[in-house]
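Colleague: Quick one: the structure is below, and I'll ask about it shortly.
The values are calculated or read from the model by the stated rules, or taken from the named source; none is laboratory data. A quick note: this is a predicted structure, and the numbers were derived from the prediction, not measured. Note: ideal-geometry Cβ built from the backbone for every residue, glycine included; neighbour counts use all protein chains shown. For the accessible areas, the whole protein counts, side chains as well, though only heavy atoms, and no ligand, DNA or RNA atoms are used. Shrake-Rupley method; radii C 1.70, N 1.55, O 1.52, S 1.80 Å.
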Amino acid sequence: QSEELCRLSHHLIVLNYLICTFDKLKSVSSEDIKITDAVFDGVEVRVFEPPAKGDESLKRSVVYIHGGGWALASARTSLYNNLCRIMAESLNAVVVSVEYRLVPKVWFPEQYHDALRATRHFLQPDVLAEYSVDPSRIAISGDSAGGNLAAAVCQQLSKDEDLPVRPKLQALIYPVLQAFDFNTPSYQQNMNMPVLPRYVMINYWIDYINGNYDLAHELLINNHTALNVGRALSFRARLNWTSLLPPSFKKNYKPVVQSTGTEAIVERLPALLDVRAMPLLADDATLARQPPTYMLICENDVLRDDGAMYAARLERAGVPVTLDHFHDCFHGCMIFTVWPTDFSAGVQTRNSYIKWLDENL
């Protein structure tokens, strides 16, 4: 059965890749929004600018990092082009959508480096002035794998003492934040949920860190973070879902902790314990430096608990957090707002996300 699921996930990845490849839009501006493609420190971006108003002061801004398992989608696909255009219109904000390089052209940490370079470039005072952006009103945001990159970028920016401008907020949409435990309650509850079954997510991780699919089963049963894997011990308390999740999430699920596993996995793939790939593994001091955070999670999503645990740890570190939990929604739903995939879940989550940004940015 696991082999069949693995084959199915490959078919889904290939299908998604074909859809995204042939659905790229040119930077065609409308009367309402100016859309241009640019290069920020070697990284392609798409910039959405609302029209200037006569007596207007500087605009607020959102740096947006798209999802797609670090391997799919694009800032130029219609789904993300539509989302960023609506954000720019609704917020009267300059939206910078980062076109980071994808698997299999590059692997971790290159996607992270692309997102970090583009964001750092944009945060330079002369660049912000060029786009008439208020340096004190900038958010970093992203969904799914883009939420992973947004969180990792935000953590690094908080440590950069030479950075003249820092983000005011971060807004994470059903982010993927760890590959330490593939048996959290939401991974167990939603293991076969459409759009993102557990095996598909494991394969995305393997692709991202340039591993081999023969490791999928060992990752699934948490052999890579067993009690005898010395490198993993110091991180265990940082994502102990038995203490971080509410009873309504934990239900009757039991932790899956192997006493004896395979330490060679993390020796071969050190990215499995690299905080730049796994923002949930960050220490408390790093978390305390994060800006106020919006966290959107969906009940029907293997990644629900990644976001919930990160929200809990940020709150414990003293960071103001808004946890927006949608009980009837699924992973990826926010970008599905255009026919023929115009779902009420997409409109509902997108409106809630934009409302929070409007009230807080």
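Colleague: Looking only at the chain, where both bridge partners belong to it, what percent of the DSSP beta bridges are antiparallel (to the nearest 5)?
Modeller: Bridges in the chain are about 35 percent antiparallel.
Colleague: Give me the one-decimal nm value for the distance between modelled label points at S136 and V39, 7 Å along each residue's Cα-to-Cβ direction.
Modeller: Going by the 7 Å Cα→Cβ label model, 3.6 nm.
Colleague: I'd like the distance separating the alpha-carbon centroids of the stretch 189-222 and the stretch 303-327, in whole Å.
Modeller: 23 Å
Colleague: Amide H neighbours of N210 under 5 Å, counting only residues 5+ apart in sequence or on other chains, H built in-plane at 1.01 Å?
Modeller: Hits under the 5 Å cutoff: F108.
Colleague: Starting at the first residue of the stretch 288-304, write each ³J(HN,Hα) from the Karplus equation 6.51 cos²θ - 1.76 cosθ + 1.60 with θ = phi - 60°, in whole Hz, x for Gly and Pro.
Modeller: 5, 8, 6, x, x, 10, 9, 10, 9, 10, 10, 4, 8, 8, 4, 8, 3
Colleague: Okay, next question. Subtract the Cα-Cα distance of R289 and E267 from 0.36 nm times their separation in residues, and report this length gain in nm to one decimal.
Modeller: 4.9 nm
Colleague: Could you give each residue of the stretch 349-355 its phi-based ³J(HN,Hα) in whole Hz, using Karplus coefficients 6.51, -1.76, 1.60 with θ = phi - 60°, and x for Gly or Pro?
Modeller: Each residue of the stretch 349-355 in turn: 5, 4, 5, 5, 4, 5, 4 Hz.
Colleague: Additional query: Take the solvent-accessible surface of the protein heavy atoms, probe 1.4 Å, and return the percent of it on the stretch 77-157 that carbon and sulfur atoms account for.
Modeller: 51 percent
Colleague: Residue by residue through the stretch 110-120, which ³J(HN,Hα) values in whole Hz follow from phi under the Karplus form 6.51 cos²θ - 1.76 cosθ + 1.60 (θ = phi - 60°), with glycine and proline marked x?
Modeller: With coefficients 6.51, -1.76 and 1.60, one gets 5, 4, 4, 4, 4, 4, 5, 5, 4, 5, 4 Hz.
Colleague: Still on this model: I'd like to check one number: the per residue accessible area of the chain, probe 1.4 Å, reported in Å² as a whole number.
Modeller: Value returned for the chain: 40 Å² of accessible area per residue.
Colleague: Quote the relative contact order of the chain in percent (integer), defining contacts as alpha-carbon pairs under 8 Å separated by 6+ residues.
Modeller: Contact order relative to length: 16 percent.
Colleague: Next question, about the same structure. Given H placed on each backbone N at 1.01 Å, which residues far from E99 in sequence or on other chains put an amide H within less than 5 Å of it?
Modeller: E44, V45, R46
Colleague: Compare A150, A345, A75 in a GNM of the chain, Cα atoms joined below 10 Å, and give the one with the largest fluctuation.
Modeller: Greatest mean-square fluctuation among the candidates belongs to A345.
Colleague: Nearest 500 deg cm²/dmol is fine: what mean residue ellipticity at 222 nm does the chain get from its DSSP H runs of n ≥ 4 alone, each adding -39,500 (n - 2.57), divided by its residue count?
Modeller: Counting only the DSSP helices, I get -11000 deg cm²/dmol.
Colleague: Right, next: So between N212 and S243, what do we pick up on full extension, going 0.36 nm a residue minus the alpha carbon distance?
Modeller: Result for the pair: 7.9 nm of gain on full extension.
Colleague: If amide hydrogens are placed 1.01 Å from N in the peptide plane, which non-local residues have theirs closer than 5 Å to the one on F343?
Modeller: Amide H neighbours of F343, under 5 Å, 5+ apart: T337, V338.
Colleague: When only C-alpha pairs under 8 Å and at least 6 residues apart count, what is the relative contact order of the stretch 225-361, in percent?
Modeller: Reported as a whole number, the value is 20 percent.
Colleague: Give me the percent of DSSP beta bridges within the stretch 185-341 that run antiparallel, rounded to the nearest 5.
Modeller: 10 percent
Colleague: Given a cut-off of 29 Å, name the pairs among K34/K355; K168/K254; K34/K168; K105/K251; K59/K105 whose C-alpha atoms lie farther apart than that in the structure shown.
Modeller: K168/K254; K105/K251; K59/K105
Colleague: Now for a separate question. Can you tell which of S136, S259, S61 shows the greatest fluctuation in a Gaussian network model of the chain with Cα springs below 10 Å?
Modeller: Comparing S136, S259, S61 in the GNM, the peak value goes to S259.
Colleague: Further question: Considering Cα pairs under 8 angstrom that are at least six residues apart, work out the relative contact order of the stretch 211-283 and quote it in whole percent.
Modeller: 41 percent
Colleague: Right, next: Want the number for L58 to S78: 0.36 nm per residue separation, take away the alpha-carbon distance, what's left?
Modeller: That pair, L58 and S78, stretches by 4.4 nm at full extension.
Colleague: Here is a further query. I'd like the per residue volume of the convex hull spanned by the Cα atoms of the stretch 128-253, given in cubic angstrom.
Modeller: Normalising the Cα hull of the stretch 128-253 by residue number yields 170 Å³.
Colleague: May I ask for the Rg/Rh ratio of the stretch 252-329, computed from Cα atoms with Rh as the Kirkwood radius, given to two decimals?
Modeller: Ratio of gyration radius to Kirkwood radius for the stretch 252-329: 1.04.
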